[in-house]
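Taking it in order: structure first as structure tokens, then the write-up.
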Amino acid sequence: LKRRGIVAVAAIAASGVLAGTLAQGAPARPDAASLKLAASKTQLKFSVSSLKAKHGKVTITMTNPSGISHAIAVEGHGVDKDGKTVGKGGKSTVTVTLKKGKYTFYCPVDGHRAAGMKGTLTVS
Ligand SMILES: [Cu+2]
């Protein structure tokens, strides 16, 4: 997460768009947030049950180290978007534009959300 954030900030700084803002400190609202999580190797769970992001464009990437296929999806406030379903070693990514509020991230594979493969994404 940290490394990606630095890369994103560096890219923005290189573009010069937010160079002035960055000179005064971290921008209050970065252009895009990049969140990462993983599926559990052994259970129908994610590595985290909550995520936070600033409003705007948010990308969530899930890595799947398990032998069961999983995906990442986001739902709430009229948003409902699924990433692709991936097997062991794969990555599922979803990019959404979110307003402030609470959303649910979950695995859209049949039965997985009900089994506990879900969490809360709080957007501020
Ligand atoms: Cu799943």
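Each peptide in 115-124, 100-109 was scored by the mean count of other Cβ atoms within 10 Å over its residues; highest first, the order is 100-109, 115-124.
Per-residue packing, averaged as other Cβ atoms within 10 Å, sorts the ranges 59-70, 77-88, 43-54 into the order 59-70, 43-54, 77-88, beginning with the highest. Between T85 and K41, the contour length at 0.36 nm per residue exceeds the alpha carbon distance by 14.3 nm. For K99, the lysines whose Cα comes closer than 19 Å to its Cα, not counting residues fewer than 8 places off in the same chain, are K52, K54, K57, K81.
Every number in this text was worked out from the coordinates using simple rules, so none of it is lab data. Since the model is a prediction, treat every value here as computed from it, not as a measurement. In this analysis, Cβ positions are derived from the backbone assuming ideal geometry, glycine residues included, and neighbour counts consider all displayed protein chains.
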